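For reference, the structure discussed in these notes is given below.
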Amino acid sequence: MGRSATTKDAHALFHSLRSAYAATPNNLKIIDLYILFAVATAVIQVAYMAIVGSFPFNSFLSGVLSCVGTAVLAVSLRIQVNKDNKEFKDLPPERAFADFVLCNLVLHLVIINFLG
Amino acid sequence: MAAPKFAFLLLNLISILPLLVSSFSVDRPTDRRILVLLDDLSLKSSHSLFFSSLKSRGFDLDFKLADDPAIAVKRYGQYMYDGLILLSPSTERFGGSLDVEGVLDFVDSGHDLIVAADANASDLIRNIAAECGVDFDEDPSAVVVDHSSYAVSETEGDHTLIAADDFIQSDVILGNKKIEAPVLFKGIGHSLNPANSMVLKALSASPSSYSTNPSSKLSSQPPSLYGTAISLVSVVQARNAARIMISGSLDMFSNRLFRAGVQKSGSLNKYEKSGNEQFITELSKWIFHERGHLKAVNLRHNKVGESEEPSMYRINDDLEFSVEIFEWSGSSWVPHVSKDVQVQFYMMSPYVLKTLSTNGKGLYHTSFKVPDVYGVFQFKVEYQKLGYTSLSLSKQIPVRPFKHNEYERFITTAFPYYGASFSMGNYVDVSTKYMIELQMAGFFIFSGVYLYNK
């Protein structure tokens, strides 16, 4: 009886989360998808390293940190672009995106240098 | 009166010239001039078959009595002979300027020596033999006796004349033809130090032989030399290719034993002629470098695809190595054919050891990859085969590591990481150079236009 109650609660929680998420605007959903993609790529690289070994360790770090770095930058982009966020009410979203692109450029300059 | 003095000087110089021309040289390793020291000039006739076989092969024999005061092997620092035969077992001291030191210097300078000892051999001969690695029995009156391998004869009944057929197994030293008849031997035996790797038993005594004084009663202690530890004839090949033969019997060289028939006791075979002549002749051919003398020339190495020798290799290079080995046939250099010449690529220990393949004409070659270690290496060929002169060649070559631009550009195991960073929006590498140049160009154009535009 307690078990069925917990699963019922879990189901209810899951459904409420899903419906709440469906309400978010599309641009945020795209950013979320990009973040998911970046993290998934990082995980795949870690799994590959666990199998093959860490031979060009610099390349491994470079690859993982590029994924993590863009994920972090995408998260900050999402924060700045989110209309519900009062702190960045006056920030034009184009400015946020321009920041995102420039920071990515700098990140990838370092990444490509370290990649070997 | 300067003219006669000048003529005298010229005559002297001219007389030395033939001596220089006919001397031993690296191109013709066979000896030419041999000094023979005898106890007794009657040996010239009683051993004439031996001497005439040497003369017929082109040697110049110079006979002297062992205590002749005119004996000199060296004059003005140059050796006058290429070989020395000592058939003087009972001589206590040589005449002239020759002594044990002189004989050993002669051998150390690369010349050959035949020494024959006998019963009651003098200390001089024993010392010479000891310096060459051969120890005669300390009892001066002991001879080799063999009660089951003696030569059957009507006259000599004390079994000191033995029939030996335990030869060293080597076609180089004893020739291609098998020696059928046993060799007759009468004399003293010697032993070899087992730690000495350069001295070999050419003729070994049978297991039933022992060294004793035949006229005295056998002592209660066993004889110090017995069995196959006794060597009847030994040969030494020194590292400078000098060859020495030490025999415990002078009679072995005599005409009497050359011509005698032999029947070994216990065997039914009766041979018309003993194996002495064949044995001594073939052995003297080897001693005087008519056989088994090698030379190696043209040690070359180069990168695969090139023809010059580089001054330095890089790790993981492919290289080829070749060397030519010739053998002296008695009159000319012929290619030496062998399957076991090896080359080492050596730095403190051989990193690469390869057997060289031959084309049958004396050229040995192989190719291999330089190991993944950098440093100063040597190509080493160490060839030591029974009966042949030893070859010890080496050539030094440095090996450098990769230069910074010789590493592989992209590491295959890292491709997923390259792919991941590119998929994250990283297109900087290929475009960076051009972007930077474009930027610079754009900046200059912009500033030019801006500054000079009214």
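The values are calculated or read from the model by the stated rules, or taken from the named source; none is laboratory data. All values derive from a computational prediction rather than experimental measurement. With ideal geometry, Cβ positions are generated from the backbone for all residues, glycine too; neighbour counts draw on all protein chains shown. We work out accessible area using only protein heavy atoms, side chains counted, and drop any ligands, DNA or RNA first. Shrake-Rupley method; radii C 1.70, N 1.55, O 1.52, S 1.80 Å.
Restricting attention to segment A:55-64, does a residue exist that is modelled with pLDDT under 90 and either under 21 Å from the mean Cα position of the chain (by Cα) or under 19 Å from B:G419 (Cβ atoms) (or both)? Looking through segment A:55-64, at least one residue is modelled with pLDDT under 90 and either under 21 Å from the mean Cα position of the chain (by Cα) or under 19 Å from B:G419 (Cβ atoms) (or both).
For segment B:139-148, a residue qualifies if it is open to solvent by 10 Å² or more (accessible area, probe 1.4 Å), in a loop (DSSP other than H, G, I, E, B) and either of a type in the set (S, T, Y) or under 20 Å from B:L250 (Cβ atoms) (or both), and the qualifying residues are B:D139, B:P140, B:S141, B:S148. Restricting attention to segment B:260-308 and to residues that are touching a Leu at 6+ places or on another chain (Cβ under 8 Å) and farther than 30 Å from B:V337 by Cβ, the residue that is surrounded by the fewest Cβ atoms within 10 Å (Cβ to Cβ) turns out to be B:A260.
Across segment B:309-326, which residue is surrounded by the most Cβ atoms within 10 Å (Cβ to Cβ) among those that are without any contact (Cβ under 8 Å) to a residue 60 or more places away in the chain and closer than 30 Å to B:F288 by Cβ? So the residue we want is B:E324. When B:G360, B:G292 are checked against the criterion of being modelled with pLDDT under 95 and within 30 Å of B:R259 (Cβ to Cβ), a single residue qualifies: B:G292. Just the residues that are within 15 Å of B:Y418 (Cα to Cα) and facing another protein chain (nearest Cβ under 10 Å), please, taken from segment A:31-51. If the condition is that a residue be within 15 Å of B:Y418 (Cα to Cα) and facing another protein chain (nearest Cβ under 10 Å), then A:A38, A:T41, A:A42, A:I44, A:Q45, A:Y48, A:M49 are the ones that fit.
For B:G425, state whether it is touching a His at 6+ places or on another chain (Cβ under 9 Å), of a type in the set (G, A, S), within 14 Å of another protein chain (Cβ to nearest Cβ) and within 30 Å of A:G63 (Cα to Cα). So B:G425 passes the test. From the list A:L61, A:L28, A:L73, A:L77, the one residue that fits, being at the interface with chain B (Cβ under 9 Å from one of its Cβ atoms) and open to solvent by less than 60 Å² (accessible area, probe 1.4 Å), is A:L61. Given the criterion open to solvent by 70 Å² or more (accessible area, probe 1.4 Å) and small (G, A, S), identify the matching residue among A:A98, A:A47, A:A23, A:A12. Selected residue: A:A23, the only one of A:A98, A:A47, A:A23, A:A12 that is open to solvent by 70 Å² or more (accessible area, probe 1.4 Å) and small (G, A, S). For segment B:118-138, taking the residues that are of a type outside the set (G, A, S) and open to solvent by 40 Å² or more (accessible area, probe 1.4 Å), the one that is nearest to the chain's Cα centre (by Cα) is identified as B:E131.
Exactly one residue out of B:R300, B:R291 is touching a strand residue (DSSP E or B) at 6+ places or on another chain (Cβ under 8 Å), assigned to a loop (DSSP other than H, G, I, E, B) and of a type outside the set (S, T, Y): that is B:R291. Looking only at residues in segment A:101-116 that are farther than 18 Å from B:I436 by Cβ and open to solvent by 60 Å² or more (accessible area, probe 1.4 Å), the one that is farthest from the other protein chains (Cβ to nearest Cβ) is A:C103. Counting only strands (runs of 3 or more DSSP E) that sit completely within segment B:337-454, those holding 2 or more residues that are surrounded by 15 or more Cβ atoms within 10 Å (Cβ to Cβ) and of a type in the set (A, V, I, L, M, F, W, C) correspond to B:342-347, B:363-369, B:375-383, B:391-400. Taking B:R256 as meeting all but one of (1) at pLDDT 90 or above; (2) farther than 27 Å from B:D137 by Cβ; (3) surrounded by fewer than 18 Cβ atoms within 10 Å (Cβ to Cβ), write down the number of the exception. Result: B:R256 fails condition (2) only. Identify all residues within segment B:169-208 that are closer than 14 Å to B:S231 by Cβ and without any contact (Cβ under 8 Å) to a residue 24 or more places away in the chain; write none if there are none. Scanning segment B:169-208 gives B:P194, B:P207.
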